[in-house]
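Comments concern the structure below.
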Amino acid sequence: MTENVPAGLDQKVPSSARCWNYLLGGKDNFAVDRAIGDAVLADYPAIKHMARASRAFLRRFVTVAADAGIRQFLDLGTGLPTADNTHEVAQRAAHESRIVYVDNDLLVLAHARALLTSAPGGVTDYVDADVRIPEKIVAQATETLDFSRPIAVLMLAILGHVRDDDQPGPAEVVHRLVAAIPSGSYVAINDSIRTPASEAALEVARRHGADYNLRTPTQIGAFLEGLDVVEPGVVPTSLWRPDSDDPAVPLRFQPLDMYCAVGRKP
Ligand SMILES: C[S@@+](CC[C@H](N)C(=O)[O-])C[C@H]1O[C@@H](n2cnc3c(N)ncnc32)[C@H](O)[C@@H]1O
């Protein structure tokens, strides 16, 4: 990828968004990202399925939320545009849906401005912010979303970028966001879990300059403390309400090192 590289972007430093894009078969990545992807894939091919399962979960969750009447979405850790971005799924269900994307990656924001356009009647907006500053995110999202009406918050494959000793840590990030949204809102979390295989893959990634914080399904579920966790609970991502449109259909009965859960604010 040589076009549309934003000023200030260091092509020698890997990025989560670009590595994820490579795993999804995209072209918006550099040699340094492909090197990590290839090194991890060599011993851990499941990570490619995890990236696809995360996108398929996004599509299913947004559809479920839209069916429940949600018309506002806050997608934290958007990633690079790919098939079935949040606004496309939400506005397919209800064209008037309003979406705010949040990321702190220079390339994501460059592409978001160019590619993530809204359907007529709806709105799509972008916030350049670190997820560890929820108050800034809420303040800027307020320009597009009405925080007195229910919002679906997505945190898919992002909380692993927040360390337990960060200030705020991942639980506090979620709790501050939950405090800002009204009753009837939804929060979806999806993340990699700690297994011998995922820990070995993380060691490989660390040798290439990337890091992540693997957690247990119990820890991921605990992030939704205070919310009503909807069926089927905290489960492997491909098992959360699978449907016949799912491109990851063959995977739905396979255990992936990735769990998700959805909570509804009472
Ligand atoms: C693994 S990708 C996941 C993309 C998408 N949510 C999905 O599931 O397909 C993680 C995304 O989170 C973003 N990210 C990582 N740390 C972040 C932070 N502290 N604040 C905001 N975004 C962050 C990255 O730039 C990247 O786009």
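Some points to look at:
- Taking TYR44, TYR22, TYR126 as the candidate residues, the one with maximal mean-square fluctuation in a Gaussian network model of the chain, Cα springs under 10 Å, is TYR44.
- Positive contributions from Lys and Arg (+1) and negative ones from Asp and Glu (-1), summed over other residues with Cβ under 13 Å from the Cβ of LEU214, come out at -2.
- Among beta bridges identified by DSSP and lying wholly in the chain, the antiparallel ones come to about 35 percent.
- Charge tally in the Cβ shell below 11 Å around SER183, where Lys, Arg are +1 and Asp, Glu are -1, SER183 excluded: +2
- Alpha-carbon centroid distance for the pair segment 166-224 / segment 72-114, whole angstrom: 20 Å
- Scanning residues 5 or more positions from VAL235 or on other chains, those with amide H under 5 Å from its amide H are CYS260, with H placed 1.01 Å from N in the peptide plane.
- Per-residue HN-Hα couplings for segment 185-197 [Karplus 6.51, -1.76, 1.60; θ = phi - 60°; Hz; x = Gly/Pro]: 7, 10, 10, 10, 10, 9, 7, 6, 10, 7, 9, x, 5
- Protein heavy-atom accessible surface, 1.4 Å probe, per residue over the chain: 44 Å².
- For the pair ASP228 and ALA139, the difference between a 0.36 nm per residue extended length and the Cα-Cα distance amounts to 29.5 nm.
- Cut-off 16 Å (backbone N to label point 7 Å along Cα→Cβ of ALA94), residues of segment 109-152: 119-124, 145-152
- Counting only residues at least eight positions apart within a chain, or on another chain, the lysines with an alpha carbon under 25 Å from that of LYS265 are LYS136.
- Karplus-derived 3J(HN,Hα), 6.51/-1.76/1.60, for each residue of segment 157-167, Hz, glycine and proline x: 6, 10, 5, x, 7, 9, 7, 4, 9, 5, 10
- Cα-based reach from LYS48 at 25 Å (exclusive), listing lysines while leaving out same-chain residues under 8 positions away: LYS12, LYS27
- Share of pairwise Cα separations in the chain, more than 27 Å, in percent: 33 percent
- Net length gained if the chain between THR216 and PHE147 were fully extended (0.36 nm per residue, minus Cα distance): 21.7 nm
- When only alpha carbons are used to place a centre, segment 31-59 and segment 115-145 end up 27 Å from one another.
- Two-site FRET efficiency, LYS27 against ASP67, from Cβ-Cβ distance with R₀ of 30 Å, rounded to 0.05: 0.35
The values are calculated or read from the model by the stated rules, or taken from the named source; none is laboratory data. Note that the structure is predicted; figures quoted are calculated from it, not measured. Glycine also receives a Cβ, built like all others from the backbone with ideal geometry; neighbour counts cover every protein chain displayed. Note: accessible area is taken over every heavy atom of the protein model, side chains too, but ligands, DNA and RNA are not part of it. Shrake-Rupley method; radii C 1.70, N 1.55, O 1.52, S 1.80 Å.
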